[in-house]
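Step one of this worksheet: look at the structure below.
The values are calculated or read from the model by the stated rules, or taken from the named source; none is laboratory data. Just so it is clear, the model here is predicted, and its values are computed rather than measured. What goes into the accessible areas is simple: the full protein's heavy atoms, side chains included, and nothing from ligands, DNA or RNA. Shrake-Rupley method; radii C 1.70, N 1.55, O 1.52, S 1.80 Å.
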Amino acid sequence: MDHGQLEAFLTAQTRKQGGGGVSAEQAAALSRFWKSQRVRVRESLLGQSRWEPGLRGVSWRVDLQTAAGRGGAAAHSGPVALLELELGRAGQDSEFVCLEFDETKVNQVLKKMADIQESIDRIVQRT
């Protein structure tokens with residue numbers, strides 16, 4: 001909330017009838033507080049809303065097994081997706097999570113992600 005928005009909000013609150021509003025003295029105190037503490041309030045809210053540990057990086061690759069790598073065996077092994085997530089907290093070393101997916105699991109993850117996107121879209125359309 002910038003200074004203009006603050007003044008408009010406090011003016012509206014002081015003009016409220018029937019209770020629920022604030023007095024001119026309370027509005028002045030709120031204005032002084034917001035002007036002096038706005039940065040700290042914002043930093044505190046941001047700190048409380050962050051997920052910890054946070055995602056610092058993602059790397060991935062797809063491995064294919066060649067005929068030479070199978071030693072000429074007739075068994076077929078499909079492609080494998082390898083995903084590495086780098087997780088960490090501020091000021092601490094990263095931790096790594098490695099995931100391995102075959103084609104079926106990749107398709108399941110993609111389906112779940114599509115479901116999540118649809119849910120988000122429905123929520124956004126309602127608001």
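Before moving on, here are some points about what is shown:
- Calculated log₁₀ intensity ratio I(q)/I(0) where the Debye formula runs over C-alpha points of the stretch 1-57, q = 0.20 Å⁻¹: -0.78
- Per-q log10 I(q)/I(0), the chain, q = 0.14, 0.17 Å⁻¹ (Debye; single scatterer per alpha-carbon; no solvent): -0.92, -1.05
- Phi to ³J(HN,Hα) by Karplus 6.51 cos²θ - 1.76 cosθ + 1.60 over the stretch 37-48, Hz, x for Gly, Pro: 10, 4, 5, 5, 5, 4, 4, 5, 5, 5, x, 6
- Cα centroid separation - the stretch 1-56 against the stretch 90-110, whole Å: 40 Å
- By accessible area, using a 1.4 Å probe on protein heavy atoms only, the chain has 56% of its surface on carbon and sulfur.
- J(HN,Hα) series, the stretch 96-104, from Karplus relation 6.51 cos²θ - 1.76 cosθ + 1.60, nearest Hz, glycine and proline x: 10, 10, 10, 10, 10, 10, 8, 4, 4
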